[in-house]
Structure formats: C-alpha cells, structure tokens
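Everything below concerns the one structure shown next.
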Amino acid sequence: MSYTTTDFGTWANHGDEYNVSVEGSVADAVSGAEADWRERLEASGAFARIVAEYRDAINAALPDRVSLAGNTFYGPRNEEDYTWDGELDIAAIVEGIDLEPIVERNEPLTAEDIGRWELKSQAKDPAKVASSTMKRLGVKPFHYLPHPESGRPQALYRAGEVRAAIAKRPGQGSRTDLAENA
C-alpha cells in the first residue's frame, strides 16, 4: 500500500523550540558537564551515538508511518492513511523520551573512572584494577584517545556496558543456593 507523505513540522516546531536540530538539543543537554568530558564525548564518537540512539527512540515512539528524518517530521498526507486516532501531538511524544539514560549508557569511561567510581577501588592504581576486571568480564574498549598527560593511548569504555558487566559479575546476585537448601 502506498501513500503520499507530507511535512509534519520541524524539530524546532515539535522537539525543541530553542534548537533547530536534534544534535543541538543533545549538545545543550550535555553543555553543563566539564569541558574535558564533553571533548571526550565528541572525540570518541559517543556524542554521535547518543544522537543516533535518541533519534531511534523518537522514531520508535512515533506512530506507524510518521518519522523524524533529518530535522523534519514526516507522515501521511491524507487522513485515511493515518495509523492513529485523534490529534497527533508530536511534541508530547518527543517530550516522553528521556535523553538522560541514553547519555548515561553511552558515556565514555576511562579505566581510571571505572576503577575509582564504578568499582570503588582503593588500590594505588585503580586503572590497572579496572583494566584487568574489564578484560576478565569481556568488556572491550570502543575507542582509544591519547592520555591528556602521557599521550599514550587511553582506552574508553561505554558506561552502559561497564555497569551491566559489573552488575552480572560473580558474587553480585542473591545466593540462590541458600534458598534451595533451606
């Protein structure tokens, strides 16, 4: 079945009146973070991944036959081709998408970050603890950037993958063997 599409409005009309693009809205959302973190986000490609996941989440939430392409929403021209009832409130749909978990999941973490904050290591070199833990858990870096002091390659890991692996590591769940023997 074919149908004719039409422009349903722009990102500024339905998504964020202060930005003309999804990228601009994401940039505003992370603008309050430290400059070195924002630079790491951009240099590692994590920013682009956040934007892509945000766009995917918006498109998944929109009704069938309506999509965000570039910075414009498109949908069927004729009402008989609509797959929804009543007035379509694209702004409410976009507002219902929480960007924060997308940013948190894709945040680039260094081994130092993982050791200190995720593993809460008290070791002299928490980065070494984190590196060996990530290797043991099968979490691979998604990007390498030069270390700000030494210039040597510094591995970056996606926070969501790190946190999921840490949560699933042995000893992190309830003891089911105790319930079975009770």
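The values are calculated or read from the model by the stated rules, or taken from the named source; none is laboratory data. Since we're looking at a predicted model, the values are computed, not measured. Virtual Cβ from ideal backbone geometry, glycine too; neighbours counted across all protein chains shown. Accessible surface areas use protein heavy atoms only, side chains included; no ligands, DNA or RNA. Shrake-Rupley method; radii C 1.70, N 1.55, O 1.52, S 1.80 Å.
Which percent of the accessible heavy-atom area of the chain goes to carbon and sulfur, probe 1.4 angstrom?
47 percent
Using θ = phi - 60° and the Karplus form 6.51 cos²θ - 1.76 cosθ + 1.60, what ³J(HN,Hα) does each residue of region 130-145 get, whole Hz, x for Gly and Pro?
With the stated coefficients, region 130-145 comes to 5, 4, 5, 5, 5, 4, 4, 7, x, 8, 9, x, 9, 6, 10, 10 Hz.
Given the rule -39500 (n - 2.57) for each run of at least 4 DSSP H residues, summed and divided by the residues of the chain, what is its mean residue ellipticity at 222 nm, to the nearest 500 deg cm²/dmol?
So the helix-based figure for the chain works out to -12500 deg cm²/dmol.
If only Cα atoms are counted, what is the Rg of region 44-96, and what is its Dmax, in Å?
Values for region 44-96 (Cα only, Rg and Dmax): 12.8, 45 Å.
Spin-label point model (7 Å from Cα, Cβ direction): what's the His147 to Glu80 distance in nm?
6.9 nm
Pulled fully out, how much extra length does the chain show between Lys140 and Asp89, if you take 0.36 nm times their separation in residues and subtract their Cα-Cα distance?
Gain on extension, Lys140 to Asp89, equals 14.3 nm.
Hey, can you find the accessible area per residue of the chain for me, probe 1.4 Å, expressed in square angstrom?
Here the per-residue accessible area is 62 Å².
Based on the Cα gyration tensor of region 12-61, what are the three equivalent ellipsoid semi-axes, each the root of five times an eigenvalue, rounded to whole Å and given largest first?
Equivalent-ellipsoid dimensions as semi-axes: 21, 14, 7 Å.
From the phi angles alone, apply the Karplus equation (6.51, -1.76, 1.60; θ = phi - 60°) to region 81-95 and give each ³J(HN,Hα) in whole Hz, x where the residue is Gly or Pro.
Couplings: 9, 5, 10, 9, 9, x, 6, 8, 9, 4, 4, 5, 5, 5, 4 Hz.
What number results when the radius of gyration of the chain, computed over Cα atoms, is divided by 2.2 N^0.38 Å?
Expressed relative to 2.2 N^0.38 Å, the Cα Rg reads 1.36.
What is the dipole size for the chain, taken about its Cα centre, with +1 at each Lys and Arg Cβ and -1 at each Asp and Glu Cβ, in debye to the nearest 20?
1600 debye
Could you pull out every residue, at least 5 positions away or on a different chain, whose amide H is within less than 5 Å of the one on Phe73? Hs are placed 1.01 Å off N in the peptide plane, and Pro or chain starts have none.
Those lying under 5 Å, H to H, from Phe73 are Phe8, Gly9, Thr10, Trp11.
For Ala43 and Thr6, what is the calculated FRET efficiency with R₀ set at 41 Å and r taken between the beta-carbons, to the nearest 0.05?
Using R0 = 41 Å, I get an efficiency of 0.55.
Among the lysines, which have Cα under 17 Å from the Cα of Lys168 when same-chain residues fewer than 8 positions away are ignored?
Lys120, Lys135, Lys140
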